[in-house]
Structures are given as structure tokens and as C-alpha cells.
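Since the structure comes first, as C-alpha cells, the remarks are kept for the end.
The values are calculated or read from the model by the stated rules, or taken from the named source; none is laboratory data. Note that the structure is a prediction, hence the values are computed from the model and not measured. Cβ sites come from the backbone with ideal geometry, for glycine too, and all protein chains shown count toward neighbours.
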Amino acid sequence: MDMLDAEAVARALPPRALVDALATMFADRSVTVPPRHHHTLPAAQGERPGTMLLMPAWQAGGQTGRTGYVGVKIATVFPDNPAVRDRPAVTALYYLTEGTSGRPLAQLDGTELTRRRTAAASALAADHLARPDVETLLMVGTGALAPHVIRHHAAVRPYRRVLVWGRDPARAAAVARVVAPDIPRAEVAPVATLAEGLERADVIACATSATHPVVPGAALRPGQHLDLMGGFTPRMRETDDEAIRRARVFIDTEVALSECGDLADPLATGALTREAVHGTLTQLCRGERPGRASTDDITLFKSVGTALEDLAAAVLAWRTHMGEI
């Protein structure tokens, strides 16, 4: 069995290739994704509880005439880690096996894999929902995920400007410095205020651990695309009901409707109805639902993550590592 550490996973998952791998896997009708296990973990006094996630998925092989794969991710999420311990909020391991026999193939660093597949799913949604003429990306959030989000979005759109905003200006500047060499065609810089960033942006990518709305819906303008990927529990919110009311809403999976506050709260209050959710990433990738209907649409994509993305990333990483791609 091969062991792929964080560096090996990073080398094996170039952004554009990963976005394409996710698109293929979302469109694949032979993939099975059972409900993920969610377990609340005790936390230190004064901190938010942790979460353990068990996320299995498999792709049919055998009778389909191709190699299938089975995988599972074990992840822990402690949202206060960055502030309290200067450690990532999410840590994980991924186990990949051959689908037809269960033969172990690889154990992969799931933390690196999770960051990259989350960013790739965000970029994939933007590829379907953002206007083709977008020029400015705003990254809201300065955690470990932020550089990956920027790189993956830049792989699907030729941005001329990338703005970074966070509550700590020094961290925003640091993110900008880290990613600037990877996007030489774009001007990459921190922005002093969120309001300025929202005014200038065509695409807004939000990856925070906020429990209260960060992006105000009233500040959104026609034609913008808002991507929310940070909130993954009913107590977390990155935008408000006004954004939900104004936007054409899409989700990664149906689970998002109950697992995140950005959708569960508006559904409870009536600010959002199930009928007003225009589609999932699977439906977009299969061409079953249209994305943006007009240039003036405000589109909103909310993701909570799915084991399908993990499986796609793990298979791509392992095959690249083995020289098959």
C-alpha cells in the first residue's frame, strides 16, 4: 500500500486537473455516496465542540469494464484550533482500495486532500455559475483553505485582480504574498475593508468559520457570484437571509439544506423554499439544470463537502503518483 503524505498529495493534484476530475465524478452515475457519519466531540472549556466525520464513497467497477474504487475519509474538525493553537481546524486521513477486490491501494494525507478538493468544488461551481467575463475575485477569509481557493478559481477563470480580505490585515497580506507567484497574470493584493472588496468583486469566495453573517446580502450587485464553503453546521453562517432571497441558489448536495445555517435558517423562516433551490453540482455537471440564467443574476453556491469529492481527489492523486496519468 502506498503512503502519500501532504507533499505527495499536493504534487499529484494540480488545480485544473482536480477540477476536471471532480466534474467527471459528479457526472458519473456509478458512484455511490452513503450518508456521512457525524459525531460531536468534547472540546476544551470555552471552545466550540469538535466534530468527527466518517465519509465513505465508491465507484462501480467489475461489470462496468473498468477499475472501480472504494474509499473512506476520517476527519476531525475543531473550529477554534486556528485561534487557540495555531493549528488547522480540519485534519484527516483517507484510505483508498480497489473496488473489485478491496485490495489496499493507498493511504493519503486527508487534510491536504480536503483543502484541495473543497477549493476545486468551489471553482467547479464558479465555472458553471460565474459570468464568463469576470475579472476580479475576492477571497473572504485567511485560513489554510484560502490560498487553495484562489489557485483553483484562477485555474477556471483568467482573473486580472485577486483581492484578499480578513479580520486580520496581516494575515490577508500574507495570503496575497503566498499566492501571487502562482498567478502571474493577476494583481494580487489585500483589501482594506470588506465593503471595498465586495464593491470591486465579480466573484466572492467565502471560507470562514463564522457563526454570524459576514457577507451582507444588501451589498451584492447584479451579476456577482457568491460562493460559501466555510459553514458546515446549523450554527454557522457566512451570509444573511437577504443574500439568499436575492440570489439564484445552488448547492453541492441535498445534505447542504439541513447541515448548514446559511440554508437551514432561511428554510426555517421562509426566506428560502426548497423549490427556490435551482440545482445541485451533480445536476450542473450532468447538464440537467441550467446555471446562470442572465448576466444580471446573482448566483450563490453553498457547499458542505461530499465524499464524492474526496474519492475523486484520492483516485486522481493515486493514479498520478503511480504514473498512470
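In segment 266-321, what count of residues is obtained for those that are of a type outside the set (Asp, Glu) and over 27 Å from SER30 (Cα atoms)?
16
Are any residues in segment 30-47 of a type in the set (D, E, K, R) and either outside the structural domain of ALA75 (by TED's automatic domain parsing) or in contact (Cβ under 8 Å) with a residue 40 or more places away in the chain (or both), and if so, which ones?
Correct list: ARG36 only.
Residues being over 13 Å from GLU112 (Cβ atoms), of a type in the set (D, E, K, R) and at pLDDT 95 or above: count how many of those fall in segment 1-27.
2
In this structure, does THR253 turn out to be part of a loop (DSSP other than H, G, I, E, B) and either at pLDDT below 95 or assigned by TED's automatic domain parsing to the domain that holds PRO216 (or both)?
For THR253, the condition - part of a loop (DSSP other than H, G, I, E, B) and either at pLDDT below 95 or assigned by TED's automatic domain parsing to the domain that holds PRO216 (or both) - is met.
Looking at GLY217, GLY231, GLY223, which one is within 18 Å of the chain's Cα centre (by Cα) and in contact (Cβ under 8 Å) with a residue 24 or more places away in the chain?
Among GLY217, GLY231, GLY223, only GLY231 is within 18 Å of the chain's Cα centre (by Cα) and in contact (Cβ under 8 Å) with a residue 24 or more places away in the chain.
Of the conditions (1) touching a residue at least 12 places away in the same chain (Cβ under 8 Å); (2) closer than 21 Å to VAL134 by Cα, THR282 clears all except one; give me its number.
(2)
Given the residues ARG248, ARG221, which is the only one that is under 23 Å from LEU124 (Cβ atoms) and of a type in the set (Lys, Arg)?
ARG248
Can you pull out the residues in segment 274-293 that are in contact with a Pro (Cβ under 9 Å, 6 or more places away or on another chain) and either among the polar types (S, T, N, Q) or at negative phi (or both)?
Within segment 274-293, HIS278, LEU284 qualify.
Only one of these conditions is not met by ASP296: (1) more than 30 Å from ASP2 (Cβ to Cβ); (2) modelled with pLDDT under 95; (3) in a loop (DSSP other than H, G, I, E, B). Which number is it?
(2)
Quick one: ALA243 ticks every box in (1) part of a loop (DSSP other than H, G, I, E, B); (2) farther than 27 Å from ALA27 by Cα; (3) within 21 Å of the chain's Cα centre (by Cα) bar one, so which box is it?
Condition (1) is where ALA243 drops out.
Given the criterion in the same structural domain as CYS285 (by TED's automatic domain parsing), closer than 30 Å to THR253 by Cα, of a type in the set (S, T, N, Q) and within 17 Å of the chain's Cα centre (by Cα), identify the matching residue among THR136, THR142.
THR142
Pick out, from segment 1-82, the strands (runs of 3 or more DSSP E) lying fully within it that include 2 or more residues that are closer than 23 Å to GLY141 by Cα.
Correct list: 50-59, 69-77.
Go through the residues of segment 92-107 one by one and say whether even a single one is in contact with a helix residue (DSSP H, G or I) (Cβ under 9 Å, 6 or more places away or on another chain), among the hydroxyl-bearing types (Ser, Thr, Tyr) and farther than 20 Å from ARG11 by Cα.
So far as segment 92-107 goes, yes, one or more of its residues are in contact with a helix residue (DSSP H, G or I) (Cβ under 9 Å, 6 or more places away or on another chain), among the hydroxyl-bearing types (Ser, Thr, Tyr) and farther than 20 Å from ARG11 by Cα.
Within segment 73-90, is there a residue that is within 18 Å of the chain's Cα centre (by Cα), buried (at least 21 other Cβ atoms within 10 Å of the Cβ), among the basic types (Lys, Arg) and closer than 26 Å to VAL149 by Cβ?
Checking segment 73-90: at least one residue is within 18 Å of the chain's Cα centre (by Cα), buried (at least 21 other Cβ atoms within 10 Å of the Cβ), among the basic types (Lys, Arg) and closer than 26 Å to VAL149 by Cβ.
Among the numbered criteria (1) surrounded by 15 or more Cβ atoms within 10 Å (Cβ to Cβ); (2) out of contact with any Lys or Arg (no Cβ under 8 Å at 6 or more places or on another chain); (3) in contact (Cβ under 8 Å) with a residue 60 or more places away in the chain, which one does GLY197 miss?
For GLY197, the exception is condition (3).
Within segment 94-111, does at least one residue satisfy the condition of being closer than 27 Å to ALA205 by Cα, modelled with pLDDT of 95 or more, within 15 Å of the chain's Cα centre (by Cα) and not basic (Lys, Arg)?
Yes: one or more hits.
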